[in-house]
1. Hey, can you tell me all the residues within the stretch 450-463 that are open to solvent by less than 40 Å² (accessible area, probe 1.4 Å) and either modelled with pLDDT under 95 or under 20 Å from residue 57 (Cβ atoms) (or both)?
2. Under 7 Å by Cβ, and 6 or more places apart or on different chains, what pairs join a residue from the stretch 149-166 that is within 26 Å of residue 127 (Cα to Cα) and in a loop (DSSP other than H, G, I, E, B) with one that is open to solvent by less than 10 Å² (accessible area, probe 1.4 Å) and within 16 Å of the ligand (Cβ to nearest atom)?
3. When you go through 228, 233, 208 one by one, which is the residue that is in contact with an Asp or Glu (Cβ under 7 Å, 6 or more places away or on another chain) and open to solvent by less than 10 Å² (accessible area, probe 1.4 Å)?
4. For the stretch 89-117, give me the residue count where each residue is within 12 Å of the ligand (Cβ to nearest atom) and open to solvent by 40 Å² or more (accessible area, probe 1.4 Å).
5. Just give me the residues in the stretch 118-165 being charged (D, E, K, R) and either within 16 Å of the ligand (Cβ to nearest atom) or closer than 28 Å to residue 211 by Cβ (or both), in sequence order.
6. Of everything in the stretch 375-393 that's assigned to a strand (DSSP E or B) and of a type in the set (Val, Ile, Thr), which residue is most open to solvent (accessible area, probe 1.4 Å)?
7. Being within 20 Å of the chain's Cα centre (by Cα) and closer than 21 Å to residue 271 by Cα, is that true of even one residue in the stretch 115-127?
8. Would you confirm, using the coordinates I've provided, whether residue 396 is out of contact with any strand residue (DSSP E or B) (no Cβ under 8 Å at 6 or more places or on another chain), closer than 25 Å to residue 69 by Cβ, surrounded by fewer than 23 Cβ atoms within 10 Å (Cβ to Cβ) and among the aliphatic types (A, V, I, L, M)?
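The values are calculated or read from the model by the stated rules, or taken from the named source; none is laboratory data. Predicted model only: the values in this text are computed from it and were never measured. Here the Cβ positions follow ideal geometry from the backbone for every residue, glycine too, while neighbour counts run over all protein chains shown. To get the accessible areas, we keep the full protein, side chains included, count just its heavy atoms, and leave off ligands, DNA and RNA. Shrake-Rupley method; radii C 1.70, N 1.55, O 1.52, S 1.80 Å.
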Amino acid sequence: MSRSAHPAGPRYADVIPEGHYAAPPADLNVLDPKVWSRTVTRDASGGLTVGGIEVARLAEEFGTPAYFMDESDFRARCRAWREAFGTEADVFYAGKAFLSRAIVKWLYEEGLNLDVCSGGELTTALSAGMPAERIAFHGNNKSEEEIERAVEAGVGRIVLDSFQEIVRVAHIAQRLGKRQPVLIRVTVGVEAHTHEFIATAHEDQKFGIALAGGQAAEAVRRALKLDGLELLGIHSHIGSQIFDMAGFEVSARRVVQLLAEVRDEHGVELPEIDLGGGLGIAYTSEDDPREPHEIAKALSEIVTRECEAAKLRSPRISVEPGRAIVGPTAFTLYRVGTIKHLDGLRTYVSVDGGMSDNIRTALYDAEYSVALVSRTSTAEPMLSRVVGKHCESGDIVVKDAFLPADLAPGDLIAVPATGAYCRSMASNYNHALRPPVVAVKDGEARVIIRRETEEDLLRLDVG
Ligand SMILES: *Cc1c(COP(=O)(O)O)cnc(C)c1O
């Protein structure tokens, strides 16, 4: 094979990657347990297995691209959160990260509660049998119809996001003859260490009511006066993919200060605070997430300390992890199509999916890992960019990663840690068919969301 006919990809020695990776890993065949779900391993032949099933078999049976979700890992993570927070705190899984009826059943069985933020998510939760009192309803612009359904169903809490919504929910509850438990979402002015587009606690943002300028105190004043509302407490969510607990520390302190002000002004000790979600996971080997028990310990120490200082009874705490539960439990399996070596630059590896099944790289500049999973290879590391098949040059799945230089069309590659915000944000761009989600456990694989078909696309097209 002549080099000009089949130019080899740039070797690490020839290029200095501009991206995240300083150097290729020592052995490309090693699957870092930090970024892969718990039951992932390589079998004797070198292929990846998950839940005891080889990916080659999964690809054959379910096709590619597809998301494979490690059910035992999902359940283990739910239990770790549940146990870490014990009986003094509540864990609400943030359904927006990924929701399906199977997920709702697993959450129910593992003792978690559920956050929803739309009528569609509420319907999914209720139809899979989640008791309404274990559901919290979020959103900055819930429609009257959504509020009505949530109140009628008897959701455990509605998180109020604006002055208008305080009145809206109170009126609807009163009309339905109910007293709706609510929290007020406040913005604490904490900037979590994360990407600008996904941090949600700046004052200049659409969510919540600012603590600054007495806005949140005024919201409490109004909510306490309304018969349709039972004010349980205060909610704060400071961002996403956070590793440093310092942001939570400041946010908890400010929320507790508000509880103290409320006690001083109204003689009422609000019984609950919700510190939101946003805990980070490992997308690459360089990320070091905290374990749920460390997070639980840190949060409860902060709240206890602040409450002692303010002479308040400690409120019941709740947290809302989404990504930290579901993110690490799934990978996306792709088949390699075209491989294009750009001399002296990098190699473009095109796969059969792309921004339609993972928009996070284009949207947030998110970082991901990737591995050849249908076999092992001893070939040299080749600096690669994994791209999709969409008509968009920003259609990148993994920006900078190393794959073996003998990678060939037909190989299977997998991108780990795609359980959160990938299928839930998937689109039909270019009339792509959204991939299935397949749950794998103890040697069995089961479709929980089926692959979309061209008939599905045509069914919506009624012109
Ligand atoms: C998005 C969101 C979460 C979950 O965020 P993760 O980063 O997935 O943990 C929790 N609470 C609220 C209010 C949210 O908007």
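1. None - no residue of the stretch 450-463 is open to solvent by less than 40 Å² (accessible area, probe 1.4 Å) and either modelled with pLDDT under 95 or under 20 Å from residue 57 (Cβ atoms) (or both), so the list stays empty.
2. 155/135; 155/136; 155/137; 156/135; 156/136
3. Answer to the selection: 233.
4. 2
5. Answer for the stretch 118-165, where residues must be charged (D, E, K, R) and either within 16 Å of the ligand (Cβ to nearest atom) or closer than 28 Å to residue 211 by Cβ (or both): 121, 134, 142, 144, 146, 157, 161, 165.
6. 387
7. Within the stretch 115-127, one or more residues are within 20 Å of the chain's Cα centre (by Cα) and closer than 21 Å to residue 271 by Cα.
8. no
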